[in-house]
Amino acid sequence: MIKESNIWIKCTQELSKVLSEKEMRTWIKPLGVKYSESGISLLAPNKFMKEEVERNFLDKIMFVVGQLHSNLVVDLSVESKVKHGQSIVTPRGFRTNLNKEMTFDTFVEGKSNQLAKAACLSVVNEPGMFNPLYIYGGVGLGKTHLLHSIGNLLSKANKKVVYLHSEKFVQNMVTALRNSQMEEFKRFYRNLDVLLIDDIQFFAGKERSQEEFFHTFNALFEYKKQVVLTCDKYPKEISGLEDRIKSRLVWGMNVSIDPPDLETRVAILQAKSEALGSSITNEVAFFLAKNINSNVRELEGNLRRVIATSRFKKCDITLEFTKETLADLLSLNQRMITIDQIQKITANYYKTRVSDILSSKRDKKITLPRHMAMALCKDLTNNSLPSIGDGFGGRDHTTVIHANKKISKLKKEDAQIAQDYINIVHILNNG
Ligand code: ADP
Ligand code: MG
C-alpha cells in the first residue's frame, strides 16, 4: 500500500501529465487534502472552486487515484479554512445541525408530553437502551424540540451526534449517488454515535432512500448506537413505507406527544413571553390558551404577534388589546373541533347516545357510530391515536386504527356511509 501522505503527491504527478501547467496551478494545487481510513477528501477553499473542479477534473482525479489505489474513495468538499495545498490529517469537525436553543430546559412539561420527555431523557442517560426511540404526534407539538434537546446534551457529552430532517437525508443520498460517493455517505452515517432523524413520514414512497436508511439504521443498531426518529404518525399508519421497516420501527420504544392541555398551554405562554423579554398577565395567558388549542407553534406564533404589535404600537398587553390583535384568528378558531363534539354530534346524527358509543356494546347500531366518530377524530383533530382511544372509554390505539380502516372501506363500498361522513363533517364545521 502506498503511504497515505504520498497518495496525493503521486496523484498530482500523474495529473500533471494530462493537465496543463496552468490548470494544475489554478485548480489542482490549491486543493487541500485530508486522509481517512478508506478515502481521500479533497478540500476546495470555496464553493466556486469546488464546483469547477467537480465539473472539469473530478473524473480525471478519480481515475488517477483508482490507478494508484483502486479501492480508495475520493470526495470533494468546501473547507474555507484550508490553506493552499494544505494536508490535514485530523478529522474535520462535522456539522451536528443542532439548534442550541432547543433544550430540555426550555421545554415546558405537561401531561401531554411528559412520557415523551421522560423517554428522551432516558435515551440521554443510557444511549442504546430504547433503540430506536420513535416519537410521534401532530405538527407543532414539540417533536423537533425534543430531538434537538437530546442532541444538545449528548453532543456536550462528546458523542458524535447528527440531526437531520428526513428530506435532507434523501437529498444527501441523491447527491452522493450522483457523485458516486455512496461509500462516503454510508461511512459517514455508520460512524455516528447518535442519529436523530426528523419527520420520517417523508420517506414514504421513496424506496431507495428507505433502503439506505434501513441499512444505516441496522448498522447503527448492531453497534448499539442510538437512533431517534420522529413522525407525524404511528408506524403502521405510514403508507408507502415498507413493512419490514415499519416492524423495525416499533422494536424499541414509541411514545406519542399530544396537544397540551390548558394548564400546560398557559405555562408555555408564560415561559415563552419571559424568554421574549415581555410578561403577560394571567388573564391574557388564559385567554390565549383557551382560544388557541391546536399546537404549540401556533401558540408561540400568536404570542409573538401580540408582543410585537404591542411594542410597535407602544400599548400595554391588556385583554382588550389581545382580542383586537388576534380578531381574525379568533373568529376562525371558534370552529375548532374536539373529541367531545365529534362524539356528541355523531351520536345525535345516528340517534344514539354518547354513553353507548363509549360503552362496550357490540351491536351494529352502535358500532357504526362508534367507528365513525373515531375516524372523524383521527381526521379532524390533532390528537394522537392513543389519546383518541382514551377519549373513547380507554380503548387501545389499535382499535382506532381498525375503526379508521373500516370507515375508509365502508365509505368506498356504501354511498350512504360516504354521505353520512360528509354530513357529519358539515354539521361539525357549521355548528
Ligand atoms: P413538531 O416538530 O412536533 O412539529 P416543534 O418541536 O417544531 O414541533 O415545536 C414547535 C414550536 O413550539 C417550537 O418553537 C418549539 O420550541 C415549541 N414547543 C413545542 N413544545 C414545547 C414545549 N413543551 N415547551 C416549550 N416550547 C415548545
Ligand atoms: Mg418538527
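The values are calculated or read from the model by the stated rules, or taken from the named source; none is laboratory data. The structure presented is a predicted model; accordingly, all values stated were derived computationally and were not measured. With ideal geometry, Cβ positions are generated from the backbone for all residues, glycine too; neighbour counts draw on all protein chains shown. SASA here: full protein model, heavy atoms, side chains in, ligands and nucleic acids out. Shrake-Rupley method; radii C 1.70, N 1.55, O 1.52, S 1.80 Å.
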- Message: Tell me yes or no: at least one residue of segment 138-146 is buried (at least 19 other Cβ atoms within 10 Å of the Cβ), farther than 19 Å from S77 by Cβ and away from ligand 1 (no atom under 16 Å from the Cβ).
- Response: no
- Hits in segment 51-66 (condition: open to solvent by 20 Å² or more (accessible area, probe 1.4 Å) and either among the charged types (D, E, K, R) or touching a strand residue (DSSP E or B) at 6+ places or on another chain (Cβ under 9 Å) (or both)): E51, E52, E54, R55, D59, K60, M62, G66
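Within segment 205-224, which residues are in contact with a Gly (Cβ under 6 Å, 6 or more places away or on another chain) and either within 16 Å of ligand 2 (Cβ to nearest atom) or more than 16 Å from M173 (Cβ to Cβ) (or both)? Give the derivation first.
The first filter runs over segment 205-224 and keeps only residues in contact with a Gly (Cβ under 6 Å, 6 or more places away or on another chain), leaving 205, 224.
Matches in segment 205-224: K224 only.
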- Note on the structure: For K224, the lone unmet condition from (1) more than 13 Å from ligand 1 (Cβ to nearest atom); (2) open to solvent by 10 Å² or more (accessible area, probe 1.4 Å); (3) on the phi < 0 side of the Ramachandran plot; (4) touching a residue at least 12 places away in the same chain (Cβ under 8 Å) is (3)
- If you go through I307, I238, I245, the only one that is open to solvent by less than 10 Å² (accessible area, probe 1.4 Å) and in contact with a Lys or Arg (Cβ under 8 Å, 6 or more places away or on another chain) is I238
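Kindly indicate whether any position in segment 253-264 is open to solvent by 40 Å² or more (accessible area, probe 1.4 Å), more than 30 Å from T398 (Cα to Cα) and of a type outside the set (A, V, I, L, M).
Looking only at segment 253-264, we keep the residues that are open to solvent by 40 Å² or more (accessible area, probe 1.4 Å), and these are 253-254, 261-263.
Okay, now just the ones that are also more than 30 Å from T398 (Cα to Cα), so none.
For segment 253-264, residues open to solvent by 40 Å² or more (accessible area, probe 1.4 Å), more than 30 Å from T398 (Cα to Cα) and of a type outside the set (A, V, I, L, M): absent.
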- Item | Given (1) in contact with a Ser or Thr (Cβ under 8 Å, 6 or more places away or on another chain); (2) open to solvent by 70 Å² or more (accessible area, probe 1.4 Å), number of the condition M372 does not satisfy | (2)
- Exactly one of (1) polar (S, T, N, Q); (2) surrounded by fewer than 16 Cβ atoms within 10 Å (Cβ to Cβ); (3) under 30 Å from A375 (Cα atoms) is unmet by T352. Its number? (2)
- Subset of segment 155-189, residues in contact with a Leu (Cβ under 7 Å, 6 or more places away or on another chain) and open to solvent by 60 Å² or more (accessible area, probe 1.4 Å), comes to K160
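How many residues are within 29 Å of K156 (Cβ to Cβ) and either without any contact (Cβ under 8 Å) to a residue 40 or more places away in the chain or touching a His at 6+ places or on another chain (Cβ under 6 Å) (or both) when one looks only at segment 177-198? Can you show your working first?
Taking segment 177-198 first, the residues within 29 Å of K156 (Cβ to Cβ) are 184-198.
Still in the list and also either without any contact (Cβ under 8 Å) to a residue 40 or more places away in the chain or touching a His at 6+ places or on another chain (Cβ under 6 Å) (or both): 185-186, 189-192, 195, 197-198.
Summing the residues that are within 29 Å of K156 (Cβ to Cβ) and either without any contact (Cβ under 8 Å) to a residue 40 or more places away in the chain or touching a His at 6+ places or on another chain (Cβ under 6 Å) (or both) in segment 177-198 gives 9.
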- Message: Yes or no: segment 106-113 includes at least one residue that is within 13 Å of the chain's Cα centre (by Cα) and of a type in the set (A, V, I, L, M, F, W, C).
- Response: no
- Message: For a quick check of your reading: which helices (runs of 4 or more DSSP H) sit entirely within segment 111-203 and have at least 2 residues that are within 11 Å of ligand 2 (Cβ to nearest atom)?
- Response: 143-156
- Query: Does N423 fit the bill of being surrounded by fewer than 16 Cβ atoms within 10 Å (Cβ to Cβ), in contact (Cβ under 8 Å) with a residue 40 or more places away in the chain and within 30 Å of V296 (Cα to Cα)?
  - Reply: no
- Item | segment 1-44, subset modelled with pLDDT of 85 or more and part of a loop (DSSP other than H, G, I, E, B), residue surrounded by the most Cβ atoms within 10 Å (Cβ to Cβ) | L31
- Item | Search result, residues across segment 150-207 that are away from ligand 1 (no atom under 16 Å from the Cβ) and on the phi > 0 side of the Ramachandran plot | N158, S180, G205
